[in-house]
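Trainee: One structure is given below, represented as C-alpha cells, and several questions about it will come after.
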Amino acid sequence: MDKRTAILHANCQGEPLAAHLLASPEFARAYAPRVYLNYAREALPEAELSSCGLFMYQHLGPEWGELSSAALLAKLPADCPRLCIPNMFFRGPWPLWSGAPGFDYRDVFLDRLLDMGLPGAEILRVYLTMPLERKFDLDALLAETVAREAERQAHTPVKYLDFVVEHWRSRPLFLSVNHPGPELLRLAAAGILRELGLAPPDYSKQADPGLLPGAIDLGEGYADFELPVHPQVAAFYGLGYGGEGRAYNVYGKAKSSAQYAAAYVECRLAGIDDFIGYLHVR
C-alpha cells in the first residue's frame, strides 16, 4: 500500500513528534511524515499541499501571511484530514526567561543587572543571593504562563495543560521553555493518534534498553540542552528538582545554575551575541 504524505507544519517539536508518531504501527504503515519548520519559514511546495494525505499544524495567526494556518488550510484538498497539534510552551521553572531578541535564553534579572553596569562578580552575587520574591511576583508570573498556554491549547483538541499543571512541580516536564521532554512528547503523540483514530505508539522495541520506560531513542534532538533552574525558583515553587548543586546538560557539559549564570554574564560582557555558540566552547 502506498503511504500518504503527512505534513507536519511545526516548530522544533515537529521532528520528535514525527518520531513518536512513527512508533505507532498503524501510523507508520499509512503515512510518510514530512516536517516543515514554521519558525524557519520553510516554504511548503504547492504540489505537496495539493496531494497531502494528512495535514498536522501548530496554529499560526494571520501575521504569518502565506504561512498562516488559514492560508495553508485553504490550499489543501477538500478531503484532506487536518489536525491542529500542540505547540507546548511553559515558563513555570524559568519565570525570569524572556523572549527578547538579540541573545539566546534571555534572563530579565541578569539583563537588568548587566544594564546597571555592575562588575561581573557583583552581578552574580546579587543574582544568586538576592531574594527573588522581593523583585518579582513569582506567583503572578506562573499564572501568566498558564493563562497564555491555555490560549494556545484552545486551538487544538489534544490537551496537555492539565497534565503540566498537575505534575510540573514533581518532575521536569520541559528541558527549556519550548522544548517538552519525552514524557510530554509521548502524551502529545498519543493524543494526536487518538484524534486520528489510530493505534497508540509501541515503545516495546526501544533502541536503548537503558532509556526511561516508554522512551524511544528517536526525536529527542534537543536533549543536549537543559535550561538550568534558579535554585530560589525551585525552592519558591517547591520543585522536586532544580536545587543547589544540581547539574544540567549544557551542550555536553555539566553546569550548575551558578556556572550557567556566570557563562551568561561573561558572554554578555564580552559583547558576544551568540550565546549558544559560546556555551558550546565555554
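Each value in this text was obtained by applying a stated rule to the coordinates, not by laboratory testing. Values in this document were obtained by computation on a predicted structure and should not be read as measured data. Backbone-built Cβ (ideal geometry, glycine too); neighbour counts: all protein chains shown.
Trainee: Given the convex hull over the Cα atoms of the range 147-201, what projected area results after averaging over all orientations, in nm²?
Mentor: Here the figure is 4.1 nm², rounded to one decimal.
Trainee: Given (1) 179; (2) 146; (3) 163, which label gives volume of the Cα convex hull per residue in Å³ as computed from the coordinates?
Mentor: (2)
Trainee: While we're here: Based on the mean of other beta carbon atoms within 10 Å per residue, what is the order of 23-33, 244-254, 171-181, 41-51, most packed first?
Mentor: 171-181, 23-33, 244-254, 41-51
Trainee: Figure the gain on full extension for residue 71 and residue 32 (residue separation times 0.36 nm, minus the Cα-Cα span) and round it to one decimal in nm. Walk me through the numbers on the way to the answer.
Mentor: On the way: separation 39, 0.36 × 39 = 14.04 nm, distance 2.30 nm.
Result: 11.7 nm gained on full extension.
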